[in-house]
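J.: Take a look at this one; I'll ask things after.
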Amino acid sequence: MFSREDVCRYLPWAPMDLDQARAKLEGRVHQTRIASDGDPLVVVAEESDTGRAIGEFMLRLKSLENRQGEIGWSLHADAQGRGFATEAAREMLRIGFDELGLHRIVAGCDSRNAASLRVMERLGMRREAEFVDYEYFKAEWASEIVCAMLESEWRAQS
């Protein structure tokens with residue numbers, strides 16, 4: 001998945017070869033619990049009939065004191081458009097709000113990443129900001145859209 005240019009377009013790394021992807025995976029397999037600020041929980045989504053990895057989803061604790069979290073995702077291009085990202089991101093929200101007791105969870109994406117923005121909208125996340133020319137990213141200026149959800153908004157839709 002991470003060898004593909006179309007998957008890595010909006011990610012903070014270039015397409016990887018097999019050894020680079022293996023090294024990234026080895027680092028992530030130990031990210032299985034959230035205990036302190038900055039800790040991520042990363043899970044892999046698989047197709048149920050083939051067992052093929054089709055995406056990864058992350059919930060990061062931004063601030064324990066302020067009960068703030070962040071979610072993010074990457075999905076193989078062949079698996080896009082079938083609801084997998086929305087389903088898995090919704091589960092990350094559930095873990096954050098129902099199991100970790102977070103108050104607020106954010107998600108951000110490059111303003112050109114229409115697919116990720118649609119996922120945030122389907123989740124019921126509120127658009128909070130657009131940072132224009134926020135960073136020089138992969139040899140061009142990129143803008144970022146940030147959406148968020150409060151625990152009370154999660155409860156109201158559940």
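The values are calculated or read from the model by the stated rules, or taken from the named source; none is laboratory data. This one's a predicted model, so the numbers in the text were calculated from it and none came from an experiment. So basically every Cβ, Gly included, is an ideal-geometry build from the backbone, and we count neighbours across all protein chains shown. Calculation scope for accessible area: heavy atoms of the full protein, side chains included, ligands and nucleic acids excluded. Shrake-Rupley method; radii C 1.70, N 1.55, O 1.52, S 1.80 Å.
J.: So the check is Cβ under 7 Å with 6+ separation or different chains; which pairs have a first residue in segment 12-38 that's closer than 16 Å to Gly55 by Cα and a second one that's at pLDDT below 70 and part of a helix (DSSP H, G or I)?
T.: Pro15/Glu5; Pro15/Cys8; Met16/Lys24
J.: When both residues are 6+ apart or on different chains and their Cβ atoms are under 7 Å apart, which pairs have a first residue that lies in segment 116-136 and is in contact (Cβ under 8 Å) with a residue 60 or more places away in the chain, and a second that is open to solvent by less than 40 Å² (accessible area, probe 1.4 Å)?
T.: Ser116/Cys109
J.: Kindly indicate whether Glu128 is assigned to a helix (DSSP H, G or I), open to solvent by 30 Å² or more (accessible area, probe 1.4 Å) and not basic (Lys, Arg).
T.: Values: assigned to a helix (DSSP H, G or I): no; open to solvent by 30 Å² or more (accessible area, probe 1.4 Å): yes; not basic (Lys, Arg): yes.
No; evaluated as a whole, the condition is false for this residue.
J.: Scanning segment 40-66 for residues that are in contact (Cβ under 8 Å) with a residue 24 or more places away in the chain and of a type in the set (Val, Ile, Thr), which turns out least open to solvent (accessible area, probe 1.4 Å)?
T.: Checked segment 40-66; the qualifying residue least open to solvent (accessible area, probe 1.4 Å) is Ile54.
J.: Shifting gears a bit: Evaluate segment 101-108: report whether one residue or more is touching a Gly at 6+ places or on another chain (Cβ under 7 Å), touching a residue at least 40 places away in the same chain (Cβ under 8 Å), part of a loop (DSSP other than H, G, I, E, B) and on the phi < 0 side of the Ramachandran plot.
T.: yes
J.: Here's a check for you: in segment 18-44, which residue that is modelled with pLDDT of 85 or more and in a strand (DSSP E or B) is farthest from Glu91 (Cα to Cα)? Steps first, please.
T.: So in segment 18-44, the residues modelled with pLDDT of 85 or more come out as 34-43.
From the residues that got through so far, the ones that are in a strand (DSSP E or B) too are 40-43.
Numbers: Pro40: 15, Leu41: 12, Val42: 12, Val43: 11 Å.
Top of the filtered list is Pro40.
J.: Now for a separate question. Output the residues belonging to segment 72-98 that are assigned to a helix (DSSP H, G or I), among the charged types (D, E, K, R) and either at pLDDT below 95 or open to solvent by less than 20 Å² (accessible area, probe 1.4 Å) (or both).
T.: Asp78, Glu87
J.: Something else now. Among (1) crowded, with 16+ Cβ neighbours inside 10 Å; (2) more than 22 Å from Glu128 (Cα to Cα), where does Asn113 come up short?
T.: (2)
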